[in-house]
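A short write-up of the structure that comes next.
Nothing in this text is a laboratory measurement; each read-out follows from the coordinates by a stated rule. None of the values given here were measured: they were computed from a predicted structure. Cβ atoms come from the backbone with ideal geometry, glycine included; neighbour counts cover every protein chain shown.
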Amino acid sequence: MRAIVEGDRVALVAATAERLTSLIAELIAERGGAVIALTGGSVGIELLSALADRDIDWEHVVVTWSDERFVEADSSDRNARQAREALLDRVPIPAGSVLELPAADGASLDAAAAAATELLAGVGVIDLTLLGMGPDAHVASLFPGLPGVRDTGSRVIAVRDSPKPPPERLSFTLEAINASDRVWLIVAGADKADAVALAASGASADEAPAGAVHGRLETLMLLDEDAAARL
């Protein structure tokens, strides 16, 4: 995992937006399209807002999410709704290229996880999975010490015991994250410095899920100076 440090949060978001814009252009030129798994969280949504005015060929981009809160489709807690408001409703991305994980509108959590796994089966390899990191070193909705960290065999799992509300969520497994070609962790703030240091130290997945993620081709930890202070 390679760390790249920017001066502050604003610089981090701008640099990551530039890096992502360039990657999408390269993927479209090489393969005709790009598949990106988005992340929520404050920095993740700021990144999406920064992409809205970029010169990106959205007609050839597919997006999904590495985790989602299992709430009603119109809930402001949903990562997908926040992403639509920040970016997706502002750019010409085809509706069929936005692969939202299921909402809690009638289906059970287990059925939603199965449906999400089926939805993503046709996507193939994800070019880039974007992840935030919590102060406890969690990524997606995989939290330290909870069973989801050890789940294998399915791309998306049901999470019932999230220590952050809401408790019910859908999440990529570590196995699914690590099947991506690239994984970028985007982390800002002094409150994340201990988690960043722990993730970079070689701690176990149970102790620091963030330290167990890696892309098949590239793994980056994109940080501001505050988040990198303990490295």
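Taking the beta-carbon count within 10 Å as an exposure proxy, list T16, T219 from fewest neighbours to most.
Going from sparsest to densest Cβ surroundings: T219, T16.
Taking only complete DSSP H runs, can you tell me which helices of the chain stretch 27 Å or more along their own long axis by Cα positions and average at least -0.5 on the Kyte-Doolittle scale?
Qualifying helices, which must be both long enough and hydrophobic enough, are 9-31.
In whole Å, how far is the Cα centre of region 209-228 from that of region 1-45?
What the calculation gives is 12 Å, centre to centre.
At 0.36 nm per residue, and after removing the present C-alpha to C-alpha distance, how many nm does the segment from A3 to D181 gain when stretched out fully?
Stretched fully, the A3-D181 segment lengthens by 62.3 nm.
When only Cα pairs under 8 Å and 6 or more residues apart are kept, what is the percent relative contact order across region 2-224?
23
Could you please rank M1, M133, M221, placing first whichever residue has the fewest other Cβ atoms within 10 Å of its Cβ?
Taking fewest neighbouring Cβ atoms as first place, the list is M1, M221, M133.
What's the long-distance tail for region 102-207, i.e. % of Cα pairs beyond 21 Å? Each step should come with its number before you reach the end.
Values: 2042 of 5565 pairs.
More than 21 Å apart: 37 percent of the Cα pairs in region 102-207.
What FRET efficiency comes out for H60 versus T152 if R0 is 41 angstrom and r is the Cβ-Cβ distance? Round to the nearest 0.05.
On the way: r = 32 Å, r/R0 = 0.78.
After rounding, the FRET efficiency stands at 0.80.
Could you work out Rg/(2.2 N^0.38 Å) for region 38-106, with Rg from alpha carbons only? Intermediate results must be reported in sequence, preceding the final value.
Details: Rg = 11.7 Å, N = 69, 2.2 N^0.38 = 11.0 Å.
That works out to 1.07 for region 38-106.
So how much slack lies between S49 and V10, counting 0.36 nm per residue of separation and subtracting their Cα-Cα distance, in nm? All intermediate terms of the calculation are to be shown ahead of the outcome.
Details: separation 39, 0.36 × 39 = 14.04 nm, distance 1.20 nm.
Result for the pair: 12.8 nm of gain on full extension.
How much of the DSSP bridge set in the chain is antiparallel, in percent, rounded to the nearest 5?
25
Cα convex hull of the chain: mean projected area in nm², to one decimal?
Over every viewing direction, the Cα hull of the chain projects on average to 11.1 nm².
So what J values fall out for region 93-100 if you push phi through Karplus, 6.51 cos²θ - 1.76 cosθ + 1.60 with θ = phi - 60°, rounded to Hz, Gly and Pro as x?
8, x, 4, x, 9, 10, 9, 6
In sequence order, what are the phi-derived ³J(HN,Hα) couplings for region 149-159 according to the Karplus relation 6.51 cos²θ - 1.76 cosθ + 1.60 with θ = phi - 60°, rounded to whole Hz, with x for glycine and proline?
With coefficients 6.51, -1.76 and 1.60, one gets 4, 9, 5, 9, x, 9, 6, 10, 10, 7, 10 Hz.
Please compute the modelled spin-label separation between E218 and A190, points set 7 Å along Cα→Cβ, answer in nm with one decimal.
3.2
Along Cα→Cβ, 7 Å out, is where each label goes; now give me the distance between the ones at A111 and A229 in nm to one decimal.
My value for the distance between the label points is 4.8 nm.
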